[in-house]
Amino acid sequence: MTSKSRRGSAAQPDPGRDDVADAEAQVCVTCAAVGQPASARVLFAVVDARGALARGLGAASSTRLAAGMYQVVFDQDVSSAAYVGTVGLTGGTGVAQLGGIAVAGRTGILNAVFVQTYAGNGTSADRAFHLAVLA
């Protein structure tokens, strides 16, 4: 079976049996090199501008703390994780408002991430966002 990209370019070739076996052999090989256990997880949360959790994986809750400030709680310790955030809509279509985002571990809560969102001019503003946590 082949698939086309969204842009309609040439289809990807099907992977061969050796390609699949080689890829499966690499599962979490890189985890040990960086001190990550084989149980390392990629967690995510999609949060609306009011602070409500729209969906996620490993995300337990989200809260709007103040204008443009949010707390996202996960089901495990994420204090040693990497965080990646982007302003984005909660649905599957459309374009998010212009803005920025900053993410950091939540002070005093090992299983939470602090998120601050900004308007295009740099002032704090409520924005929907996507947060990935590499734990």
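A short reminder: the numbers here are calculations on the coordinates, not readings from a lab. Every value quoted in this text rests on a predicted model; they were computed, and no experiment measured them.
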* Provide the gained length on full extension for the span Ala104 to Ala67, in nm with one decimal, where the gain is 0.36 nm per separating residue minus the Cα-Cα distance. => 11.6 nm
* Karplus couplings for the range 101-107 from phi (6.51 cos²θ - 1.76 cosθ + 1.60, θ = phi - 60°), rounded to Hz, Gly and Pro as x? -> 8, 10, 10, 7, x, 7, 4
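Given 25 °C and 0.890 mPa s, compute D for the range 67-113 with the Stokes-Einstein relation, Rh being the Kirkwood radius over Cα pairs; round to the nearest whole µm²/s. Don't jump to the answer; show the numbers that get you there.
Working: Rh = 12.3 Å.
Reported coefficient: 200 µm²/s.
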